[in-house]
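Structure first, then comments.
The values are calculated or read from the model by the stated rules, or taken from the named source; none is laboratory data. Just so it is clear, the model here is predicted, and its values are computed rather than measured. Backbone-built Cβ (ideal geometry, glycine too); neighbour counts: all protein chains shown. These accessible areas exclude ligands, DNA and RNA; they are computed on the full protein's heavy atoms, side chains included. Shrake-Rupley method; radii C 1.70, N 1.55, O 1.52, S 1.80 Å.
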Amino acid sequence: MYSFSTLIQIIETLGILAFAFSGFVEARRKDMDLVGVFTVAFITAFGGGTLRDLLLDRRPLFWVEHQEYTLLVFILAMVVTPFMRHLRFAFSEKMLVTADAFGLGLFSVLGASLAKEAGMPLFVSVMMGVITGIFGGVLRDVICNEIPMVFRRGQLYATCAFLGCWCYLLLARVDVPEVLSLSTSILLTVVVRLVAVRFNLRLPA
C-alpha cells in the first residue's frame, strides 16, 4: 500500500506532466521558441501548486524541494518543442483541452487533500483545491495573451474542480481508502470537464 507522501508525489508528477503539456501546446500555438515554451510550461505546471504552498505556509515550495520536477519539465521542453510546430491547429486545440482537464483534476483534488491534511475546514479545503487546479492555467493564458479559460463564458471549468474536491472530502469523511478517494475524485473532475466541453455544458447566465 502506498504511503500518503508517495501518493502525493505520484499525483504531483502526473499533474505536472499534464499541465506542462498544455503549456507546450499553447506556447507552440503562439509560435514561441524553446525559452518561451519552457517558461509557459513551467508557470503552468507550478503556478497553482506554488500558490497552494504559500497559502498553506508549506516550506520549501514543492518544486524547490523536488528539483526533479523542474528538470523533468526542462528536458521535456527540449524534446517536445521541435515536434510541436507540426501540429495542426484543430488537433492542438483538442490536446490542450484534454491535457488541461487532466491537470485540473489532478491538482485540484491534490490541493484539497493537502488542505485537509493541514487541518483546514471543509469549504476552505475545497476552495484551496479549486485555486490549486485553476491558477496555473490562468497564468498560462495571461502570458499567452488569452482570456483565461476559467473566466470565459464557456463550458464548465472551475465548477468541475469544485465538484471533484467535494467528492474527495466526502469520500474521505466516510473513511473510503485514500487511493480510491483520490482516484475517484480526480476521474470525476476530468470526466465532467471533458463532457462539459463535448456537450457545451455551461452555468446558467
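So here's what we get for this one:
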{"quantity": "Calculated FRET efficiency for the pair residue 147/residue 124, C-beta based, R₀ 22 Å, to 0.05", "calculated": "0.20"}
{"quantity": "Largest-first ellipsoid semi-axes for segment 1-124, taking √(5λ) over the Cα gyration tensor eigenvalues, angstrom", "calculated": "28, 15, 12"}
{"quantity": "Efficiency of FRET from Cβ geometry, residue 83 and residue 6, R₀ 25 Å, rounded to 0.05", "calculated": "0.20"}
{"quantity": "Candidates 55, 182, 110: whichever shows maximal mean-square fluctuation once the chain is modelled as a Gaussian network with Cα springs under 10 Å", "calculated": "55"}
{"quantity": "Kyte-Doolittle mean at least 1.0, axial Cα span of 18 Å or more - DSSP H helices of the chain", "calculated": "4-29, 34-55, 67-84, 122-143, 158-173, 178-199"}
{"quantity": "Probe 1.4 Å - accessible area at residue 95, Å² to nearest ten", "calculated": "40 Å²"}
{"quantity": "For the chain, calculated [θ]222 nm from helices alone, where every DSSP H run of n ≥ 4 adds -39500 (n - 2.57)", "calculated": "-26500 deg cm²/dmol"}
{"quantity": "Normalised contact order of the chain, rounded percent, pairs of Cα under 8 Å and 6 or more residues apart", "calculated": "24 percent"}
